[in-house]
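Note sheet for the following structure.
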Amino acid sequence: MLVATTATAAAISSTPWYWWVIGFGGQIVFASRFWVQWLASERAKRSVMPISFWYLSLIGGLLSLSYAVYRWDPVFVLGQVTGTFIYARNLALIRQAQKGGVG
């Protein structure tokens, strides 16, 4: 059973609607990356990691980071900053390999 405290109810009612869109949007984009990876692997009949997985990770992570900063949640912020760095680094490595920089 979900029990809402007065403080929780006040926080929910005082949050502007667009922060809910950003927060839930980030979660939806972030979660969609698993569907993309699964479908790509099923099509290839082997485990693959399409580049769209990393873009969805980065976009979902940035949206979630924005929401975490708004909520001023240091645990959530640290997790999202770390993940966002990793997703961006993977995209940089992929770009470098496509340009022939990595043999």
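The values are calculated or read from the model by the stated rules, or taken from the named source; none is laboratory data. Not measured: the values here are computed from a predicted model. Cβ: placed from backbone, ideal geometry, glycine included. Neighbour counts: every protein chain shown.
Quick check: is even one residue across the stretch 77-91 out of contact with any strand residue (DSSP E or B) (no Cβ under 9 Å at 6 or more places or on another chain), more than 30 Å from SER14 (Cβ to Cβ) and surrounded by 16 or more Cβ atoms within 10 Å (Cβ to Cβ)? Checked the stretch 77-91: at least one residue is out of contact with any strand residue (DSSP E or B) (no Cβ under 9 Å at 6 or more places or on another chain), more than 30 Å from SER14 (Cβ to Cβ) and surrounded by 16 or more Cβ atoms within 10 Å (Cβ to Cβ). Residues of the stretch 70-85 that are without any contact (Cβ under 8 Å) to a residue 24 or more places away in the chain and within 14 Å of the chain's Cα centre (by Cα): PHE76, VAL77, LEU78, GLY79, GLN80, VAL81, THR82, PHE85. When residues in the stretch 33-68 are screened for being hydrophobic (A, V, I, L, M, F, W, C), over 19 Å from ALA97 (Cβ atoms) and more than 14 Å from the chain's Cα centre (by Cα), 2 of them pass. Contact list please: Cβ distance under 7 Å, first residue in the stretch 32-55 and over 21 Å from GLY83 (Cβ atoms) and in a helix (DSSP H, G or I), second residue of a type in the set (A, V, I, L, M) and modelled with pLDDT under 95, pairs at least six apart or on different chains. Hits for this filter: SER41/VAL48.
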